[in-house]
Amino acid sequence: MQFEGEHLLYGKIGHLLVIIATVCSLLSVISFFAASRKNDITERLSWLVFGRINFVIHSICLFSVFIIVFIICKNHYFEYMYAFKHASKELENKYLLACIWEGQEGSFLLWMMWHAVLGIFIISKTKKKLYQPAGILKASSSPDKNISISSNEWKAPVMTIIGLAQFFLCLMILGVYVKDVRLGNSLFSLTRNEIDAPIFSQPNYLSLIKDGQGLNVLLRNYWMVIHPPILFLGFASTIIPFAFAYAGLQTKKYGEWAKPALPWTLFSAAVLGVGIMMGGKWAYESLSFGGYWAWDPVENASLVPWLILIAGIHTMLIYNSTQRALRASYLFAILSFSFVLYSTFLTRTGILGDASVHSFTEAGIAINIMIGLMVALFSLSMLALFFIRYRKIPAIHSEESIQSREFWMFIGSVIFFLSAIFIIGITSIPVYNKTPLLKDLILQYHGGKMALPEDPEFLYNKVMVIAAFIIGILTAISQYFKYKDTPGKHLRKLIIPTIATILFFIAISITYPFLYDKKGAGFLLAIYMAFFASAYSIIANGYFILDTIKNKFKQAGGSIAHIGFALMIAGMLISSSNKIIISDSKVNGINLKMGIDPITKKQDNPSENLTLLREIPASMGEYNVTYMNDSSGNEKGRKFYKLLFENKKNKKETFVVMPDIYIMKDNNMSSNPDTRSYLTKDIFTYITYALDKNKNSGHTPTDTDTIPKKSIDSVLFESGKSDISENSKISLDNLIKSFNENNKTSITIEGYTDDTGEAEQNLILSKKRVIAVSDYLKSNGDSSLLISTDWYGENHPKYDNNSDANRTLNRRVELTISAIKNMTPSDAYDISEMKIGEKSFYNNGYFILNKVEINPSNDKYKFTSDDKALMADLSFVTKDSLRFNARPLIKADATDIININDTIFSQNLIIQFAGVTENKTVKIGIKEPSNFIDFIAVKSFIFPYINLVWLGLTIMAIGIIISMIRRFGFDNTTSAVILIAASLGIFYMFLLAG
Amino acid sequence: MKKIHIIILIGIAGLIAGFITMLSSFSSYDTIASAKNKQGKFVHLIAKLDKSKPVDYDPVKNPNYLSFFITDSLGGNSKVVYHNSKPRDLEKSERLVLKGKMQNDHFECKEILLKCPSKYKDDENNLRKSVNEQTNTP
């Protein structure tokens, strides 16, 4: 059958390119391997040239494939499964890249592209003078040839490994059938072949498919555009130390690889470290688990290779200075890439199942087997080769002195390595449950499949806090030792930083103590110890730079990286130990009754959500928080909730946060936090529950009607234009004058268009109009105006679009102005003064004050005799004889009076215990909003000093990069360019953007 | 035996010892029936929402109280109390993973993971549904 409107040429070319790439990668492996085995120089060189040509063709093919996929997604060619699954028409252009690496196949492609880039760097770079081992040089004649041969020593075996990895990764996206088994999932498979639905028997099926699935909303974040490429560059670059280790074993020049491999290992550590923390920052900014690290399996799987890389860097340094620790260097170089592969296995085969929120779902058995094969082939065969050659790898058998730097560095490496093993050991629990023999053992002795304990984070934290302590101390002292042996008096230099640290630690412990006592005194002590060690590391390394390194800037890389690492750990300790949940009912003095934990016998109080009724301030820590209103976002289904925070003491501190809720097409919801950042703390808020008001109809304009409107103004526009006319400017100026008088004004600006032109264009036009008006108000009026915006395009026309006059009126921006000042709750309530047993009336019936309880203790509140709380017990009877009960409460503490209102949701009533008069009557406030009561539940945290985490990470990355530059031996200009670009980039990303 | 070897061995021994002592704190996946036999022990339940019984959540009264009923494939059933906000789409979920403890008549839940029918794009049924939905509604 002939289908209409398909663009099949792209797919055909794309698929052909993938096949060429696969073949070329295989040819390059064969040639590079042959080159590494040949002793004859001309033969070796010809193999090498052939391998290089193949690798370059392979790389060009990969990049072309990427461009084709990009075109397919950008143009919404939904005949291709990949575009249908990951792209959609409403997707903004900036997320196009993110939608390519959302899928399995796309992320494999990204990974391969980085391998290709690194590979090309290696084959071209070593042409220049990188490293020249002695030996076969002399045999050749021309000097140019000399150099290329000398570096070829490493080039061939290193490229063999990279080529082999490329070949396997290509298979994953090959999409070729061998009998009935499909080898790899192609990026270019067709929707009609993949999905079995009746529609695909119609020639015009494409015109019926209106939109693709689109990018998962959690991933619509600028971090998702930049974070995967960086993380994958980190993953991809771990192959280089691995390949150098192979080169060492293969060429039997056992020790010489460590020098050229070291700068690459540093590169890998810097990029991977930044990539991991970008993931953390993304989680912090856009996921609602309330933090930057959750010990999620996918996070762990990327952390483990990094820990091993750090261990490897230190053993390579030891080897380069003392000829020791070579075998450990081999092991770590092999294991870091092996764990990258293992993490691929964990996250892509669906084996983690329920255990992780991030992991890919199962991609089919064939792919799983291929991934499994690749992991086994690379890791196991390299480990086997390593153990076979183990005895031949030179090692010094004498014992190192305790007073030597290498001794302490080696211990540090071991700690990093053991931490990695511990983390991966726990992360692999879902794997144990599926491993044949182990599975039976677990069932027999554990009584069911193994699962993480009640508090999985604590499981990791209690071990890692000890590791942090040891690492902190080691990074503080190690540099003061010299390699081989240190004269005793040299160590006296440590006295000053040690004393400084102790004084600093005492000062901090008194002024800003850690308050985390949930896990007992032992864990709190461990936190203090880890904090001490971090402070020690910062001070000792800082002093070392000032005292010993001085102006030899290039040598300070290690010390700077140590300072950054310690600062990051200190930031993590402070921000998580002293995190305050300000929406916690405990913090707000509402003692809701909770169960008693049968094991710990402690009061259990996980009530971290707080309900905010619209326009009614609630107390949250040191703030009064009011849920003002909601507004739609750019994307359909996204809703922002405006929360006004007002500091109770410092009236000047008021700010608005706008967390949002995004209901996706498939009805999944994502709640995206919003954060108010200060230099010393972040206030982090997200919505945990919201009413689903407009399930069917998108936006209904009456939504905002609950605000008592002061006035509505509108600005009209010319057809297709978004410029504000001179006349309109005059009326806007008048408007600005009017609200300068009552300084706190909230304006909702809503934009509309007529029905001429494309709906999509009109939506953009209405947005432009809104922005024009909003900018005008902001620049000509008070910049502290609370403006919320919304735009609807040609939806919700005010008049039917049936005449030019009506169309003119529909090309409008409406401004709804209300003064917040007039909305304090007492104004809005209808107050009745009552005695016990008395009756009072409201619009829809009457109510009786049954009793007033002092410090009530019941199913709703739990107060003790120390509190000052009064609860009114009221019965409401409606005109149609329905009965309801309400129990509002008033509570006084040292500084404040807090009203805890009750609500009869079905009757749309808010009931307040407003106070007690002098003659002992009770004041009950009733509010009957004309619209139904709108509310949200929120969680809100304060993270103190979280900026230390980002600052520490930035400094650490810069330190590692300085080290790398020094060991690559770049000239000064190149070094300066790399350093400045990387520093600015990282600093901007983590501390300024967002 | 070098000092460094001793230190490494101590590290490894510590790790193994730590792992073994932690072993008992690890939780397990249970059925409702077997969880009832482990009163007060932290377990993971895989179950379904019982749609014939009410889901009780009134965030205006208390945003931190949700209760509902579950059944599992072996016919067990239980009431669940969750002191937190109601996960959206609880009613639509196909499968629930509940972490918590059985306490007398009810399951005191600490965390709920939802398996929604549409959560995974890669699921072919879901893709087919999406195609059908788009093409049936003109």
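When +1 charges are put on Lys and Arg Cβ atoms and -1 charges on Asp and Glu Cβ atoms, the dipole computed for region A:220-417 relative to its Cα centre reaches about 700 debye. I'd like the distance separating the alpha-carbon centroids of region A:928-994 and region A:404-460, in whole Å. Centre-to-centre distance over Cα atoms comes out at 30 Å. Projecting the Cα atoms of A:Phe332, A:Tyr95, A:Asn810 onto the dipole axis of chain A, where Lys and Arg carry +1 and Asp and Glu carry -1 at the beta carbon, places A:Phe332 farthest toward the positive end. Taking all pairs of different Cα atoms in region A:362-509, averaging 1/r and flipping that mean, what Kirkwood radius in angstroms comes out? Result for region A:362-509 stands at 20.3 Å.
FRET efficiency for the pair A:Lys721 and A:His796, taken as 1/(1 + (r/R0)^6) with r the Cβ-Cβ distance and R0 = 22 Å, rounds to 0.65. In the protein assembly as shown, a dipole from Cβ-located charges (positive for Lys and Arg, negative for Asp and Glu) runs towards its positive end, and of A:Gly915, A:Ala872, A:Phe66 it is A:Phe66 whose Cα lies farthest in that direction.
Rolling a 1.4 Å probe across all protein chains gives A:Asp660 an accessible area of roughly 10 Å². Proximity of backbone amide H atoms, modeled 1.01 Å from N, is registered between A:Trp791 and A:Gly751 at under 5 Å, excluding neighbours fewer than 5 places apart on the same chain. Within the listed set B:Ser34, B:Ser24, B:Ser85, the Gaussian network model of chain B (springs between alpha-carbon atoms below 10 Å) gives the highest mean-square fluctuation for B:Ser24. Residues in the protein assembly as shown average 43 Å² of solvent-accessible surface per residue, probe 1.4 Å, ligands and nucleic acids excluded.
Counting only protein chain heavy atoms and rolling a 1.4 Å probe, the accessible areas of A:Arg883, A:Arg324 rank, largest first, as A:Arg883, A:Arg324.
Shape summary of region A:459-532, radius of gyration then Dmax from alpha carbon positions: 15.2, 46 Å.
Shape analysis of region A:951-994 based on the Cα gyration tensor places the equivalent ellipsoid semi-axes at 21, 11, 5 Å, largest first. Computed over chain B with a Gaussian network model linking Cα atoms closer than 10 Å, the most mobile of B:Ala47, B:Ala33, B:Ala17 is B:Ala17. Potential lengthening of the chain between A:Ala500 and A:Thr654 amounts to 51.5 nm, from the contour at 0.36 nm per residue minus the alpha-carbon distance. With both labels modelled 7 Å from their Cα along Cα-to-Cβ, the A:Asn858 to B:Ser73 distance reads 4.6 nm. Computed from the C-beta positions of A:Glu758 and A:Phe3, the FRET efficiency with R₀ = 30 Å rounds to 0.70.
Amide H contacts for A:Tyr842 (H built 1.01 Å from N in the peptide plane; partners 5 or more residues away or on another chain; cut-off under 5 Å): A:Phe847. Counts of other chain beta carbons within 10 angstrom of each beta carbon in peptide A:194-200 average 5. In region A:433-577, the portion of solvent-accessible area held by carbon and sulfur atoms comes to 71 percent [1.4 Å probe, whole percent, DNA, RNA and ligands not counted]. For region A:468-582: lysine pairs with Cα atoms under 26 Å, gap of 8 or more or different chains, count? Lysine pairs meeting both conditions in region A:468-582 amount to 15.
Each semi-axis of the equivalent ellipsoid for region A:1-215 is √(5λ) with λ an eigenvalue of the Cα gyration tensor; in descending order they amount to 43, 17, 12 Å. For B:Asp30, the residues whose modelled amide H falls within less than 5 Å of its own, excluding neighbours fewer than 5 places apart on the same chain, are B:His44, B:Leu45, B:Ile46. For region B:13-31, accessible area lost to neighbouring protein chains reaches 10 Å² or more, against the chain alone with a 1.4 Å probe, at B:Leu15, B:Phe19, B:Met22, B:Leu23, B:Ser25, B:Phe26, B:Ser27, B:Ser28, B:Tyr29.
Projected onto their three principal axes, the Cα atoms of chain A cover extents of 108, 80, 66 Å, largest first. Contact residues in region B:94-111 by the 50 Å² criterion (accessible area, 1.4 Å probe, full protein complex versus chain alone): B:Lys101.
When the surface is traced with a 1.4 Å probe over the full set of protein chains, A:Thr251 keeps roughly 40 Å² accessible. When +1 charges are put on Lys and Arg Cβ atoms and -1 charges on Asp and Glu Cβ atoms, the dipole computed for the protein assembly as shown relative to its Cα centre reaches about 4300 debye. Projected onto planes of every orientation and averaged, the convex hull of the alpha-carbon atoms in region B:28-120 covers 5.9 nm². When both region A:855-882 and region A:294-322 are represented by their alpha-carbon centers, they are found 59 Å apart. Inter-label distance, A:Asn844 to B:Gln39: 4.4 nm, where each label sits 7 Å from its Cα along the C-beta direction.
Derived from the Cα gyration tensor, the three semi-axes of the equivalent ellipsoid of region A:220-417 are 32, 20, 14 Å, largest first. In this calculation the C-beta distance from A:Leu691 to A:Ala197 is compared with R0 = 51 Å, giving a FRET efficiency of 0.90. With each label modelled as a point 7 angstrom along the Cα→C-beta vector, the A:Asp455-A:Ala384 pair spans 4.6 nm. Over all Cα atoms in region A:468-582, the spread is summed up by Rg and Dmax: 15.5, 54 Å. Annotation: peptides A:764-770, A:380-386, ranked by per-residue average of other Cβ atoms within 10 Å with the highest first, follow the order A:764-770, A:380-386. Accessible area per residue (1.4 Å probe, heavy atoms of protein chains only) ranks A:Lys579, A:Lys179 as A:Lys179, A:Lys579, with the largest value leading. Comparing B:Gly14, B:Gly76, B:Gly40 in a Gaussian network model of chain B where C-alpha atoms under 10 Å apart are linked, the largest mean-square fluctuation is found at B:Gly14. Each of A:Tyr77, A:Tyr205, A:Ala35 was scored by the projection of its Cα onto the charge dipole of region A:1-215, and the greatest displacement toward the positive side belongs to A:Ala35; charges sit on the C-beta of Lys, Arg, Asp and Glu. Summed over both chains, the accessible area lost when A and B associate is about 5900 Å², using a 1.4 Å probe. Alpha carbon centre of region A:261-288 versus region B:9-70: separation in Å? Each part reduced to its Cα centre gives a spacing of 33 Å. Accessible area ranking (1.4 Å probe, heavy atoms, ligands and nucleic acids excluded), largest first, for A:Phe168, A:Phe188: A:Phe168, A:Phe188.
The values are calculated or read from the model by the stated rules, or taken from the named source; none is laboratory data. No experiment lies behind these values; they were computed from the predicted model shown. A quick note on method: Cβ atoms are made from the backbone with ideal geometry, for glycine too, and the neighbour counts reach across all protein chains shown. All accessible areas refer to the heavy atoms of the entire protein, side chains included, with ligands and DNA or RNA removed. Shrake-Rupley method; radii C 1.70, N 1.55, O 1.52, S 1.80 Å.
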